[in-house]
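See below for the structure under consideration.
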Amino acid sequence: MTITYTLKELPNVAKQIITDAGTGIISFDAAMGVGKTTLIKEICRQLGVQDTISSPTYALVNEYKSDDGPVYHFDFYRINDEEEAYHIGFEEYLDLGAWVFIEWPEKISNILPEDIIRIKIDLIEDGKRVLSYY
């Protein structure tokens, strides 16, 4: 599916992703500053997260409480290799049946399950974004 949107339309985009995904593991692929964390924040809000939502760039993972249980938000921008993901127990998070959001998935591509939802975001004219997922 492909969606073109502005930041004003982000709540509807987040709702659509939640509806289509059900629950699960979602990777977010986009250049720096295109809106990965912004989209994840809105998805979390739509899931009922009341916690402060921020990028876990230095912590690697943040845990939030939603209406349906925990949500895990990973940011692998600063890791040097997949071994670092193993050291924080990344694979164990995948088996929890919770929402798992992954920024910079290309850093751990060899350990991602094949059945995840992959979202790609590109910035286009006038501040619009085009989001594709499969």
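Results, tabulated for the structure shown:
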read-out	value
Share of carbon and sulfur in the accessible heavy-atom surface of region 1-54 [1.4 Å probe, %]	49 percent
Computed E for residue 15/residue 83 - FRET, C-beta separation, R0 41 angstrom, nearest 0.05	0.65
Paired Rg and Dmax values of region 1-46, which use every Cα atom, in angstrom	10.2, 27
Dipole in debye (nearest 20) - the chain, about Cα centre, beta carbon charges: Lys, Arg +1; Asp, Glu -1	640 debye
For region 61-134 versus region 1-58, the gap between their alpha-carbon centres in whole angstrom	11 Å
Surface share of carbon and sulfur [accessible, 1.4 angstrom probe, percent] for region 69-134	44 percent
Residue 119 long-range amide H proximity, modeled H, under 5 Å	27, 28, 29
Square roots of 5 times each gyration tensor eigenvalue, C-alpha, the chain, largest first, Å	22, 17, 14
Segment residue 128-residue 111, length gained on full extension (0.36 nm per residue, minus Cα span)	2.9 nm
Mean separation of Cα contacts under 8 Å (6+ apart) over length of the chain, as relative contact order %	36 percent
Residue 1 accessible area, 1.4 Å probe, all protein chains in place, Å² to nearest 10	120 Å²
Residue-wise HN-Hα coupling along region 10-19, computed from phi with Karplus coefficients 6.51, -1.76, 1.60 (Hz; x: Gly, Pro)	4, x, 5, 5, 4, 4, 5, 4, 4, 4
Calculated FRET efficiency for the pair residue 63/residue 38, C-beta based, R₀ 22 Å, to 0.05	0.70
Per residue solvent-accessible surface (Å²) - region 24-103, probe of 1.4 Å	48 Å²
Rounded to 5, percent antiparallel among DSSP beta bridges of the chain	55 percent
GNM result for the chain, Cα springs below 10 Å: residue of 113, 105, 56 fluctuating most strongly	113
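The values are calculated or read from the model by the stated rules, or taken from the named source; none is laboratory data. Computed from a predicted structure; not experimentally measured. Cβ sites come from the backbone with ideal geometry, for glycine too, and all protein chains shown count toward neighbours. For accessibility, only protein heavy atoms count, side chains too; no ligands or nucleic acids. Shrake-Rupley method; radii C 1.70, N 1.55, O 1.52, S 1.80 Å.
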